[in-house]
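Novice: Once you've had a glance at the structure underneath, I'll fire off some questions.
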Amino acid sequence: MKLPIFLDNHSTTPMDPRVLEAMLPYFVEKFGNAASRNHAFGWAAEEAVEQARKQIAKLIKADSKEIVFTSGATESDNLALKGVLEMYKEKGTHIITSSTEHRAVLDTAKSLEAKGMATVTYLPVDKYGMVNPQDVQNAITDKTILISIMLANNEIGTINPIQEIGKIAKAKGVLFHCDATQGVGKIPVDVQAMGIDLMSFTSHKVYGPKGVGALYVRKRNPRVRIAAQIDGGGHERGMRSGTLPVPLIVGFGKACELCEQEMVTETARLIKMRDRLQTDIMAALEESYLNGHPTNRLPGNLNISFAYVEGESLLMGMKDIALSSGSACTSATLEPSYVLRALGVGTELAHSSIRFGLGRFNTDDEIDYTTKKVIEVVTKLREMSPLYEMAKEGVDLKSVQWAAH
Amino acid sequence: MAYSDKVVDHFNNPRNMGSFKKDDADVGTGMVGAPECGDVMKLQIKVQNDTIVDAKFKTFGCGSAIASSSLATEWLKGKTIEEAQKIKNTDIVQELNLPPVKIHCSVLAEDAIKAALADYQKKTDGQPTGTK
């Protein structure tokens, strides 16, 4: 077993060597521009891109013509929201989304709001982080043009009832965008069955290269149109100009193919490892709380709050394991996780949360090591915690008058 | 974010971690911060003849908060009450090489020192000197 251990597979994933192998010919040898229609270099590149498009479309049960390549999921989210709003603004400018979406959706929505281009409803989630389809239904007005709800949350892994939301959207004639960045390649996705009209996802979360992503844009029932946000040579049926990064796209395609082929066995393996990690840690450490849905969540996700210890210090104590925390100290904004706050997790427990993200290359040995290390470090830091001491003395921490700072 | 060697050292080998009985007459206790803010420091001093003979801390917070309070206890030992009053958060920042985003940890440590001193002085106020 090699240290450090990478258990942060929601942030990104290591590239699969099989993906790299598929990409290599497209850097030096087959370097053509996929838009060059008149020579063999261009044809070879275009063929590779179309092959990748098919591999990607197959994973999500779409048609390859419905895949629009972008630089990643953030761009896809931006393109979906801004592109739909601009195209359909005569119909209405109301967007429905949820409070636990990724910042790429939330900040795009806020930016549209700030410019006076949209009104946005941010739906609450339940204590597991799930959107209630009834809330979506109730929020729809005659001005609503887009619903944007994520497939699975990046912090807590909770999976939303996408199919039910898709049905509501369809019945009301509202477009449905789904940020599926964390879910694609990990759980079955079927844009037909789920009633999704636009869907964002990215290569580097599925063991492919960074720098390429896709927006699925439905072609039939209904034919979805979006206003391009980048003008230029009219690539990707005019929806996203810019020379296609052929090697990255080839890698993305191969990565999707591998996910599709291995999903069943990989899911079973991840759930087994994840459940063992969860059970062993939570059995050994009192007052550890699971964040997110107990069962309906991503196979590789585990998010736990350890009362009385702060997340960043936990990470510091386990510096040979790459993890992430909802603590304010680990975020750029110095605010604790807005996702955990939206579930009703108290601020102090949000500060105490650790996210474990298991992936394709994690092993049982790594999980054993992590379990041991987490128990050791939490125990050590609790010994050091005045809050733990007070709790042990029977002091109700909520009754204390803290000097806020 | 990379931590300075000194922060890592204090974090891995905290000095004077623990507690005194807070009701003892020769003990001053300072508790600052709030759980919602992600850091709470408890700093205690034991005083004899106006000199801090021992100090202990317990901290809930990030590595820099733990290091700041650990360092504070080291500095407090052997100082008189008057000398201890002069410890500044900027001294802690300098010693631990804290980045700007972690300066509040040092402020909290200074507040904890001040609170412990004040608590001790409150306990001894009105009592004849030399009895403590």
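Read-outs throughout are calculated quantities, based only on the coordinates presented, and are distinct from any laboratory measurement. Note that this is a predicted model, so its numbers are computed, not measured. No Cβ is skipped: glycine too gets one built from the backbone with ideal geometry, and neighbour counts run over all protein chains shown.
Novice: Output the antiparallel fraction of DSSP beta bridges having both residues in chain A, as a percent to the nearest 5.
Specialist: Values: 21 of 40 bridges.
Of those bridges, close to 50 percent are antiparallel.
Novice: Next question. Could you sort out which of B:LYS6/B:LYS79; B:LYS42/B:LYS114; B:LYS88/B:LYS114 sit more than 18 Å apart by Cα distance in this structure?
Specialist: Values: B:LYS6/B:LYS79 22 Å; B:LYS42/B:LYS114 12 Å; B:LYS88/B:LYS114 10 Å.
As for pairs spanning more than 18 Å Cα to Cα, those are B:LYS6/B:LYS79.
Novice: I need the phi-derived Karplus couplings for the range A:228-235: 6.51 cos²θ - 1.76 cosθ + 1.60, θ = phi - 60°, integer Hz, Gly and Pro marked x.
Specialist: Once θ is set to phi - 60°, the couplings for the range A:228-235 become 4, 9, 10, 8, x, x, x, 5 Hz.
Novice: Distance between the C-alpha centers of the range A:42-69 and the range A:78-104? Whole Å please.
Specialist: About 26 Å separates the Cα centre of the range A:42-69 from the one of the range A:78-104.
Novice: Just in the range A:85-158: which GluC sites (Glu not before Pro) are loop by DSSP and have at most 10 other Cβ atoms within 10 Å?
Specialist: Those that pass, being in a loop and sparsely packed, are A:GLU90.
Novice: Separate question: Can you say what percent of the DSSP beta bridges in the range A:17-258, counting only those with both residues inside, are antiparallel? Round to 5. All intermediate terms of the calculation are to be shown ahead of the outcome.
Specialist: Numbers: 10 of 26 bridges.
Roughly 40 percent of the DSSP beta bridges within the range A:17-258 come out antiparallel.
Novice: Could you pull out every residue, at least 5 positions away or on a different chain, whose amide H is within less than 5 Å of the one on A:ILE321? Hs are placed 1.01 Å off N in the peptide plane, and Pro or chain starts have none.
Specialist: Distant-sequence amide H within range of A:ILE321: A:ILE5.
Novice: Just want the ordering: B:SER19, A:SER305, from fewest to most Cβ atoms lying within 10 Å of their own Cβ.
Specialist: Fewest to most other Cβ atoms nearby, the residues stand as B:SER19, A:SER305.
Novice: Can you put A:THR243, A:THR97 in order of Cβ neighbours within 10 angstrom, beginning with the fewest?
Specialist: Arranged by neighbour count, lowest to highest, A:THR243, A:THR97 become A:THR243, A:THR97.
Novice: With a ≥ b ≥ c taken as the square roots of the eigenvalues of the C-alpha gyration tensor of the range A:1-137, please select rounded if a/c is under 1.5 and otherwise prolate if a/b is larger than b/c or oblate if it is not?
Specialist: Oblate is the answer for the range A:1-137, as a/c is 1.5 or above yet b/c matches or exceeds a/b.
Novice: Compute the Cα gyration tensor for the range B:5-122, then decide on rounded, prolate or oblate, letting a ≥ b ≥ c be the square roots of its eigenvalues: rounded whenever a/c is under 1.5, prolate when a/b is larger than b/c in the other cases, and oblate in all that remain.
Specialist: prolate
Novice: So, one more: Once you've got the Cα coordinates, tell me which of A:LYS65/A:LYS170; A:LYS167/A:LYS205; A:LYS143/A:LYS170; B:LYS56/B:LYS122 are over 23 Å apart.
Specialist: Exceeds cut-off: A:LYS167/A:LYS205.
Novice: What does the C-alpha gyration tensor say about the overall shape of the protein assembly as shown? Classify as rounded when a/c is under 1.5, otherwise prolate if a/b is larger than b/c, or oblate.
Specialist: Working: a/c = 2.49, a/b = 2.11, b/c = 1.18.
The shape class here is prolate.
Novice: Provide the per-residue ³J(HN,Hα) series for the range B:32-40, in order, calculated from phi with Karplus coefficients 6.51, -1.76, 1.60 and θ = phi - 60°, each as a whole number of Hz, with x at glycine and proline positions.
Specialist: 10, x, 8, x, 5, 8, x, 8, 9
Novice: In the structure shown, do any of A:LYS319/A:LYS372; A:LYS58/A:LYS219; A:LYS127/A:LYS392 have a Cα-Cα gap over 23 Å, and if so which?
Specialist: Violating the 23 Å limit, Cα to Cα: A:LYS127/A:LYS392.
Novice: Enter the mean number of other protein chain beta carbons within 10 Å of the beta carbon of each residue in A:381-391, as an integer. Write down the numbers at each step before the final one.
Specialist: Numbers: counts 5, 1, 4, 12, 8, 14, 7, 2, 5, 5, 0.
What the average comes to for A:381-391 is 6.
Novice: In addition: Within chain B, which cysteines find no other Cys whose Cβ is under 4.7 angstrom from their own?
Specialist: Lone cysteines by the Cβ rule: B:CYS37, B:CYS105.
Novice: GluC sites (Glu not before Pro) within the range A:256-305: which are DSSP loop residues with at most 12 other Cβ atoms inside 10 Å?
Specialist: Filter output for the range A:256-305: A:GLU286.
Novice: Just rank A:TYR338, A:TYR216, fewest to most, by other beta-carbon atoms within 10 angstrom.
Specialist: In order of increasing Cβ crowding within 10 Å: A:TYR338, A:TYR216.
Novice: Convert each backbone phi in the range B:117-123 into a coupling constant with the Karplus relation 6.51 cos²θ - 1.76 cosθ + 1.60 (shift: θ = phi - 60°), then list the ³J(HN,Hα) values in order as whole Hz, x for Gly and Pro.
Specialist: 5, 5, 4, 5, 5, 5, 4
Novice: Lone cysteines in chain A, going by a 4.7 Å Cβ-Cβ cut-off?
Specialist: A:CYS178, A:CYS256, A:CYS259
Novice: In the range A:23-88, which chymotrypsin sites (Phe, Trp or Tyr not before Pro) are in a loop and have at most 12 other Cβ atoms within 10 Å, using DSSP for the loop call?
Specialist: Sites meeting the loop and neighbour criteria: A:PHE27.
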